[in-house]
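Scroll down for the structure; my scribbles are underneath it.
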Amino acid sequence: MSQRHVLQVFEQYQKERMKFVQTVAELATRPQNIETLQNAGVMSLLRPLLLDAVPTIQQSAALALGRLASYSDDLAEAVVKGDILPQLVYSLAEQNRFYKKAAAFVLRAVAKHSPELAQAVVDCGALDALVISLEEFDPGVKEAAAWALGYIARHNGSLAQAVVDAGAVPLLVLCIQEPDNALKRISASTLSDISKHSPELAQTVVDTGAIAHLAQMTLYPDAKLKRHVFSALGQISKHSVDLAEMVVEAEIFPAVLACLKDPDEYVRKNISTLMREITKHTPELSQMIVNAGGVAAVIDYLGDSRGSVRLPGIMMLGYVAAHSENLAMAVIVSKGVPQLAICLAEETEDHMKAAAAWALGQIGHHTPEHARAVAMSNVLPKLLSLYLDTQSSEDLKAKAKKALKSILQKCTYVPALEPLLYEAPSNVLKHVICQFSKVLPHDSKARRLFVTTGGLKKVQEIKAEPGSALQEYINAINTCYPEEIVRYYSPGYSEALLERIDNYQPV
Amino acid sequence: MARLVKFYGQMERIKEQYLIRNRNAEENRLRENAAAVKIQSWFRGCQVRAFLSYLHRNATVIQKTWRAFSARQYFRQRVKTAYFLMKMNFYNKMAVKIQQRWRGYYIRKYVHNYYERKRYLEALAKKNEQVRRELEELAEHQKKERERIAMEREEQEKYMQAQRLHFLLSTKQRPGVFNSPFRPEPDEMELRLRTVKLLRTRSAPKETATNQQPSGFLSSIERLPPIHKTPQGPFRAAAEVQRQRQRPLEPSLRVATSITALEEAREELRQHEWRTRLIDQPFMPFSKAHPNKEYEALLRTHSPYQQTAYGKKYFREEDRTHLQGKKKFKTVFTTCQVFDKFGRLYSDTGKIV
């Protein structure tokens, strides 16, 4: 046997290994193959190949492992139990960039499933290695590392704190400034994942000067990047007034409103979320947004979009209106109420309806003027029907009732109050009658109208307990009219008349 | 003397008289004494009563004087207090008037200025209008831009199609496929074919250096000789054919990988680390690794081998008998060679292998 023959054996062996790994990696891309692969024991076969002498085999093995692990948490757990992670972490520091990318991919695939798996990744020292890979020259490696860090940090506060403690944040901020769009995107998303957990984490992100860079990128044409940037800004500003003010001070405001017209739905959603997070803190911040024309833009956005992406916009209107009557008036002036009424009517999901009802309640509860504006867009019957609907969830019922009550307590707009007289249950009727008892003594036209539309008759038919508040309101209404009229509309008056005929003796 | 005589003459009568008188006096003594006592007691009583009444009168005078004095004092105090209260009430009322005027003025002027608010709301409405208009314009603009790009792309697509189908152009002798003589006017494609420029052979775009494998295999791409002098059939775009022909060698990963790749990478890494090292404490990745951990058997193998402790003569002993009942290693996977070649090969007769 010549030397060539001997070498040929090795050659053959290496080629076959290569072929095996690549085929497995190829097969792992299709979900229907995963089950079979798992049953065939692919994990235990791939593990030794991770330590193969040939880098390409290692790389392909890592790729296959990553694909398998990203498929289900069972497989990810198998990766953790198979003690593969320490090898990966070790080689993450050692190998070439292709392998680093693949290793970071595996870590990401494992960490994405559950906090426990992410904790396992952290426990095997992956954070330090990933942070070091963030300093790599190759943008692909950085991207993979940032992505893995993001998946680790998104689970809970302590994992995010671990990522921060490993020193990832300054490097991520550096990564944002790279020219590569994908890298920017992933880093922004990672920053968002880190800052979403607690004010302290958000403060750490802010301390590295991330806001200025994020604010710069709000006007980029890349939609996916904008999604993540706005999400990060929103997550930062949601925690406290200071953070929100810092985001506002980056002077993003009139400019980003243009993004509410973006073709991408999630960009619009994230920007409205950002505005919601900012406005919810103080009246001053809300006023700032209102003055920039943000409310009008959000209302237009509500008109343009459908479904659950409307939710942050609706909530933003509610938050703005809740701060002060002036701001609520601003929402009304910006034609927010008809839009909210449309949302209330159009949306099918209960939580959306509840949000719209809540927002309307916040707008209407300030003064009679506000309540009038809300009542004129004909939402009171809708709110009542939501409250009475047996299909509605508890939360929706509670929100609809609260909104209805707070609007009714201020409402003096008689045409809107009248229909409620006939439909409302007693606990709502109380407020309606109370409003009538306040309005009628001072308004002769309303008194007349109240009789002609049959309101008085309806009021006489109500059975109130003597001495209750409802009875007092009814009495107050009755004193506005002459006694004959009240008697005329009382139930049983015709019988009384007939009785008088019977008793009458002609002279 | 006469008188004396006379006296003597009356002596008897005097004696008698004397006795009578004495007797009378004795008889009246008690009565008179009682009367005297009565008179005295009455007198003394009058006297004491007069004194007492005198005293009472005096006491009354003192009392009335004192009472008048203190009452006057009390009254003055009352008056003073009442006056003070009245004054204070008045002042308070006036202060309230002043304050309410001022507050009303202040609030109306600076806090809830109705006109200011109205103006603000009007300005806000105007601003909102403006924002809405601007956003609308922007959206319109963006939409147009997107449409324009889409249309351009479509146009480009059609143009390329026309370039590829240029041989279907009708000639003087024969109408082309798109120029049916049974139709009043030729198809749109026909017009396009007429205007289109003939496809020129272009060299394939150069591979960028970024997505190459690390080994130095792809250094020389020499220009290949043309298959024919002129392009023969319009079966594929010439550029595509050229690209196929000049496709850089894509060796299998095994061949592409240099034998010393690991060493090279390590060397590079070492160099890199040496260049960029700021701290001399090296990174220790195995902070949690357990050196004395038991060997865990692989999932799908039946090997009974355990890691033996150090200090023995050998690490592994050959036990043929043990291996006899063992199953053979399963070869579960077949290789898929077809996938590797898929869409890549192109023979010079133009057939896909």
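The numbers here are math on the coordinates, done by the rules we state, and not lab data. This structure is a prediction, so every number in the text was calculated from the model and none was measured. All Cβ positions, glycine included, derive from the backbone under ideal geometry; neighbour counts span all protein chains shown.
Once Lys and Arg get +1 and Asp and Glu get -1 on their Cβ, which of A:V337, A:V163, A:L417 lies farthest toward the positive end of the dipole of chain A?
Checking the options against the dipole of chain A, the answer is A:L417.
Under the Kirkwood approximation applied to all pairs of distinct alpha-carbon atoms, what is the hydrodynamic radius of the stretch B:3-112 in Å?
With all distinct Cα pairs of the stretch B:3-112 included, I get 23.6 Å.
Considering the options A:H431, A:T190, A:I462, tell which one lies farthest towards the positive end of the dipole of chain A, charges being +1 on Lys and Arg and -1 on Asp and Glu at the Cβ, about the Cα centre.
Farthest along the dipole direction, towards plus: A:I462.
Which is farthest toward the positive dipole end of the protein assembly as shown among A:Y71, A:M217, A:S385, measuring Cα position about the Cα centre, with Cβ charges +1 (Lys, Arg) and -1 (Asp, Glu)?
The listed residue farthest towards the positive side: A:S385.
When the C-alpha atoms of the stretch A:251-411 are aligned to their principal axes, what extent does each axis show, in angstrom, from largest down?
Sorted from largest, the Cα extents of the stretch A:251-411 read 44, 30, 24 Å.
Determine the relative contact order of chain A: mean sequence separation of Cα pairs under 8 Å and six or more apart, normalised by residue count, in whole percent.
So the answer I get is 6 percent.
Return the average number of partner chain Cβ atoms within 10 angstrom of each residue Cβ along peptide B:129-141.
Shielding by partners across B:129-141 averages 5.
Pairs A:K15/B:K327; A:K196/A:K280; A:K238/A:K402; A:K226/A:K269; A:K196/A:K238: which exceed 18 Å Cα-Cα?
In this structure, A:K15/B:K327; A:K238/A:K402 lie more than 18 Å apart at Cα.
What lysines does A:K401 reach when the alpha-carbon gap must be under 17 Å and sequence neighbours fewer than 8 apart in one chain are set aside?
Candidates past the 8-residue exclusion: A:K353, A:K382, A:K410, A:K430.
How well do other chains shield peptide A:14-24, expressed as the mean number of their Cβ atoms within 10 Å of each residue Cβ? It would help to have the intermediate numbers written out before the result.
On the way: counts 3, 5, 3, 1, 5, 8, 4, 1, 6, 7, 1.
Whole-number average of other-chain Cβ neighbours for A:14-24 is 4.
Could you give the C-alpha radius of gyration of the stretch A:1-46 expressed as a fraction of 2.2 N^0.38 Å, taking N as the number of residues it contains? Write down the numbers at each step before the final one.
Working: Rg = 14.7 Å, N = 46, 2.2 N^0.38 = 9.4 Å.
My calculation over the Cα atoms of the stretch A:1-46 gives 1.56.
Compute, for chain A, the length of the dipole vector about the Cα centre, with Cβ point charges of +1 (Lys, Arg) and -1 (Asp, Glu) only. Units Debye, rounded to 20.
Magnitude of the dipole: close to 900 debye.
Kirkwood hydrodynamic radius (Cα pairs, Å) of the protein assembly as shown?
Details: mean 1/r = 0.0260 Å⁻¹.
Radius from the Kirkwood sum: 38.5 Å.
Would you kindly state the longest site-free stretch of chain A, with sites defined as chymotrypsin sites (Phe, Trp or Tyr not before Pro) in a DSSP loop (not H, G, I, E, B) surrounded by at most 10 other Cβ atoms within 10 Å?
Between exposed loop sites, the widest span is A:138-503.
In whole Å and largest first, what semi-axes does the C-alpha gyration tensor of chain A yield when each eigenvalue is scaled by 5 and square-rooted? Show your work: numbers first, answer last.
Working: eigenvalues 932, 132, 53 Å².
Those come to 68, 26, 16 Å.
With no solvent and one point per C-alpha, what does the Debye sum give as log10 I(q)/I(0) for the stretch A:172-290 at q = 0.11, 0.19, 0.20, 0.21 Å⁻¹?
Reported log10 I(q)/I(0), two decimals: -0.30, -0.93, -1.04, -1.15.
Taking each residue in A:55-62, count the Cβ atoms of any other chain within 10 Å of its Cβ, then average. What number comes out? Kindly include the intermediate steps, with their values, before the conclusion.
Values: counts 8, 9, 3, 1, 2, 1, 0, 0.
Taking all residues of A:55-62 together, the mean is 3.
Which value, in debye to the nearest 20, describes the size of the charge dipole of the protein assembly as shown about its Cα centre when Lys and Arg Cβ atoms bear +1, Asp and Glu Cβ atoms bear -1, and nothing else is charged?
The dipole magnitude comes to about 4960 debye.
Once each part is reduced to its C-alpha centroid, what is the distance from the stretch A:20-59 to the stretch A:127-206 in angstrom?
Here the answer is 29 Å between Cα centres.
Explain nothing, just the number: relative contact order of the stretch A:412-501, from Cα pairs under 8 Å at least 6 residues apart, as a whole percent.
Result for the stretch A:412-501 is 29 percent.
I'd like the distance separating the alpha-carbon centroids of the stretch A:292-306 and the stretch A:338-417, in whole Å.
20 Å
What percent does the relative contact order of the stretch A:76-118 come to when contacts are Cα pairs within less than 8 Å and at least six residues apart?
About 43 percent, as a whole number.
Magnitude of the Cβ-charge dipole of the stretch A:143-280, K/R +1 and D/E -1, about the Cα centre, nearest 20 debye?
500 debye
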